[in-house]
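The values are calculated or read from the model by the stated rules, or taken from the named source; none is laboratory data. From a predicted model like this one, the values you see are computed outputs, not experimental measurements. All Cβ positions, even for glycine, are placed from backbone atoms using ideal geometry, and neighbour counts span all protein chains on display.
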């Protein structure tokens, strides 16, 4: 009996010991996580990364735990960052380290956590980051397996090089990865932090590709992941696909999914022992009927398609002879080839260039030394064209000149002046063009030459991979230069596959990124959040990899919805006749010939007549240069008609980036173009702090413009004027605007509607103001054909003054008493009538608050500020903008309307009256013959001769006018209708066209819309682009039972 009791006790002890081992929390490797230390002294086990103790770096009491302290970084600069580093400790290769800290910010600050790995010389190998901008505490975490070269690991608590303000940190930890037994539901069901991709497909979404790519938030300490997707919400094994051994937080299936099914997906983290975490919550999605097939075959199969000999990029040994023949086949090919050959002849006699200078002597960037990256650009261009000329001709002159220049550039220190960390503009051309030159001039190189190049490209390729994987890009893709470099590393991977051991890893990573994540700056709608200059240059570069991948493997990324739609982004938001390209760096540049070349290429790929028209308007017949010639060979000329977009809808929104454009008539250069932005991308990268701002061009002239310039990226003028809200047509609160350089300083495009009578959009920009505002919705209504009404509904966190901004290339005439602003230009004028909830004081200047850093040949810009004269918590601005040709001097005829629940305006224009009403408080909208239940309502009516009226209702259920036109809905809808009466063969006909939109998310139900017009005797036809369940005409009213979603209605009636 005693032995049995002892045996039981020992068994229980072993079980407890095993259990305790499974859940033992690994020790915090940060020796002083609470910043304990003597007053005024640096806490032990911490070291200054940048800044000064007692100035930028302060230690204050933790309000929640007085026994501990917090790090406060008081950052006064928008061009420098400050931080603290933990004492480095030994890192063990292969172990996963997890860093975390609690952080919050104030006054526009930014908080960033770095998990930083050093080599034996204490030089950074790679770092993982997590950031936060917000007033509430948030736990930042970053994890990574120590790379082979890692000797030391530490964390850095940092502010931001781009933002002023305060950042608080507390409870810092650095752990070795925890076992799966410790993971809880909260550890795997995560909230995306600043700059991090969220779970996709989102729950309830409809995806545009079949299959979709799956994206999830990385789990700290995870060695890998297990993904499940199923047609059964309980994930029954027979209906579930399980994918194991996924090493990064994205996955694109190799097979098509059943498009008729509802799909569910979830993911588990896997630890180093192979044990699983609990699953994430299940998310449901459906596949659109017109979804593009885009499976990604197994990558080992894809790699086997790549040639093992050379050349490999764009052309192979199987297609080379055909290329050589085509180069001599007709006048077009001969002309382009002759240009390339002449460039190669010139390059062959150039002296070897000096290695570019180090642009960071003493660790600080010298902009003039940085700009000498042009040495590298010219040298690598020459190297590339020489190698291609040798490939096409076999001429030893070109081969020897290419070899000489390749070895010379390969001799530049890959860790020196041309490294990524010193000057990425030097690094990237070498990565790309030495790869091309290697595979094109392969036969001109000796085995020893090839080894020299492979050795240096292994270093450069691994450096590029560490930059991308270290973010990691699949989860944190919002950085411009890493995004540009993706295709460059992809081409390097193809060129060196099987010759550099790591090239297989590079290839698999880049291909998965392009399928699942690319582009970071847009999505299926085709938008590009960084603006037009970067659309042109970055799309051009990305398409090179798209073609390289297609030519070497047969995989076509042209099927991605983004690439299919992004030409429409260019066509709508910067047509060929535009004089500017909001909203991003270099906004003041019109479309370039390079943009025309991209559109010409898209015209061929997609047989698109509108894109061909764009290219023709830009004077682009064919793209010249080396890549133009390569594209001509890969995509032979086609006979594509050129078609002006006059028949396309004249307004469009790009929900992926939060942009709206409204044209008087798309394709008419003698017309009007209004643009509005409220973007989920915030003010990051090449974007501005310009949420809820607008621009206006009319009759060939920019009238309401962005302002400021970019002497160089990060210059004082660029960061302290051009990127700030004060440089744009927006709102200031107490003289302050939105936070710059932050993806969290975002807007939300909450509505868009296009019709024959009205276009409407609205944005919510509260997050962009970093706590200054509790409410800010800007409504923008286009009353066709030539009037815009803008209403700003504002509520500040604390009472303050508000400023309404307008910028132009011309000095403005201001009548303060009447609230009138006039802009006169050569081919256009703009009249503005401005009202506010409070009296306004006006100021105007042609000077920048922050001067240009260096002289620039730019025209003057004028800046108007209209500021409320008294502080208040609530305010509004109501503006009417009317562009016209200079010889048309019709003043704005507008009467301000105030009613119990809101504000509005009555517009009078020739034979048309328009009532526009905005809700600011509870209650119906009612004034000037219009009554509605909703957030916004408008009614236009012509004279008895015109017999036309327009109706607009936003977020409402009822709309009634004195004409007898009535509309009701059983759910909140957005509606725009145009009613036109006419007479034919003695019969009075009525045609109603327009849009009805009701939310179509999970749980949405069918709804009824009832339209009443006086004296209707018969309904002839009802048509919609969506599902009409039922159509009934009775008692003089038409009742439509509609499926949730977007309806383009066409209704024909008789009186």
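Below, the figures for the structure above:
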{"item": "Any hit, the stretch 586-605, residues being at pLDDT below 95 and at positive phi", "result": "yes"}
{"item": "Strands (runs of 3 or more DSSP E) contained entirely in the stretch 762-851, each with at least 1 residues that are free of Cβ contacts under 8 Å to residues at least 24 places away in the same chain and surrounded by fewer than 22 Cβ atoms within 10 Å (Cβ to Cβ)", "result": "773-783, 812-815, 820-824, 840-845"}
{"item": "Filter pass, residue 231 being in contact with a strand residue (DSSP E or B) (Cβ under 9 Å, 6 or more places away or on another chain), surrounded by 14 or more Cβ atoms within 10 Å (Cβ to Cβ) and in contact (Cβ under 8 Å) with a residue 60 or more places away in the chain", "result": "no"}
{"item": "Residues located in the stretch 562-592, provided they are part of a helix (DSSP H, G or I) and either closer than 16 Å to residue 529 by Cα or without any contact (Cβ under 8 Å) to a residue 40 or more places away in the chain (or both)", "result": "562, 563, 565, 566, 567, 568, 569, 570, 571, 572, 573"}
{"item": "Residue count, the stretch 466-498 (criterion: part of a loop (DSSP other than H, G, I, E, B) and closer than 18 Å to residue 301 by Cα)", "result": "2"}
{"item": "Which numbered condition residue 277 fails, given (1) surrounded by fewer than 14 Cβ atoms within 10 Å (Cβ to Cβ); (2) modelled with pLDDT under 95", "result": "(1)"}
{"item": "Test: residue in the stretch 475-485 that is touching a strand residue (DSSP E or B) at 6+ places or on another chain (Cβ under 6 Å), touching a residue at least 60 places away in the same chain (Cβ under 8 Å) and more than 20 Å from residue 313 (Cα to Cα)", "result": "no"}
{"item": "Odd one out for residue 743 among (1) surrounded by 24 or more Cβ atoms within 10 Å (Cβ to Cβ); (2) assigned to a loop (DSSP other than H, G, I, E, B)", "result": "(1)"}
{"item": "Positions within the stretch 725-739 being closer than 12 Å to residue 691 by Cβ and part of a loop (DSSP other than H, G, I, E, B), in sequence order", "result": "728, 729, 730, 737, 738, 739"}
{"item": "Single residue of the stretch 294-329 satisfying the filter (touching a helix residue (DSSP H, G or I) at 6+ places or on another chain (Cβ under 7 Å) and under 30 Å from residue 192 (Cα atoms)) that is surrounded by the fewest Cβ atoms within 10 Å (Cβ to Cβ)", "result": "299"}
{"item": "Residue in the stretch 881-898 that is in the same structural domain as residue 825 (by TED's automatic domain parsing) and under 21 Å from residue 732 (Cβ atoms) present", "result": "yes"}
{"item": "Cβ-Cβ under 6 Å pairs, at least 6 apart or on other chains, the stretch 254-280 side more than 16 Å from residue 242 (Cα to Cα), far side in a loop (DSSP other than H, G, I, E, B)", "result": "261/231; 271/179; 271/223; 272/223"}
{"item": "Residues being surrounded by fewer than 23 Cβ atoms within 10 Å (Cβ to Cβ) and in contact with a strand residue (DSSP E or B) (Cβ under 6 Å, 6 or more places away or on another chain) - total across the stretch 708-740", "result": "3"}
{"item": "Scan of the stretch 130-174 for residues that are part of a loop (DSSP other than H, G, I, E, B), more than 29 Å from the chain's Cα centre (by Cα) and crowded, with 20+ Cβ neighbours inside 10 Å, ordered by number", "result": "146, 150"}
{"item": "Counted residues, the stretch 291-337 - those being closer than 30 Å to residue 205 by Cβ, in a helix (DSSP H, G or I) and in contact (Cβ under 8 Å) with a residue 60 or more places away in the chain", "result": "2"}
{"item": "Conditions (1) in a helix (DSSP H, G or I); (2) surrounded by 19 or more Cβ atoms within 10 Å (Cβ to Cβ); (3) within 30 Å of the chain's Cα centre (by Cα): number failed by residue 419", "result": "(1)"}
{"item": "Residue match in the stretch 183-196 (condition: assigned to a strand (DSSP E or B), surrounded by 20 or more Cβ atoms within 10 Å (Cβ to Cβ) and outside the structural domain of residue 715 (by TED's automatic domain parsing))", "result": "yes"}
{"item": "Among the candidates 685, 679, residue that is under 23 Å from residue 707 (Cα atoms) and in contact with a strand residue (DSSP E or B) (Cβ under 9 Å, 6 or more places away or on another chain)", "result": "679"}
{"item": "Qualifying residues in the stretch 175-194 (those that are modelled with pLDDT under 90 and under 23 Å from the mean Cα position of the chain (by Cα)) - the one nearest to residue 521 (Cα to Cα)", "result": "194"}
{"item": "Single residue of 1016, 1011 found to be at pLDDT 95 or above and surrounded by 16 or more Cβ atoms within 10 Å (Cβ to Cβ)", "result": "1011"}
{"item": "Hits in the stretch 866-887 (condition: part of a loop (DSSP other than H, G, I, E, B) and touching a residue at least 12 places away in the same chain (Cβ under 8 Å))", "result": "869, 870, 871, 885, 886"}
{"item": "Residue tally, condition part of a helix (DSSP H, G or I) and over 17 Å from residue 343 (Cβ atoms), over the stretch 422-445", "result": "15"}
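Yes/no per residue for (1) in contact (Cβ under 8 Å) with a residue 40 or more places away in the chain; (2) surrounded by 18 or more Cβ atoms within 10 Å (Cβ to Cβ); (3) assigned to a strand (DSSP E or B):
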site: 916; (1), (2), (3): yes, yes, yes
site: 922; (1), (2), (3): no, no, no
site: 932; (1), (2), (3): no, yes, yes
site: 950; (1), (2), (3): yes, yes, yes
site: 954; (1), (2), (3): yes, yes, yes
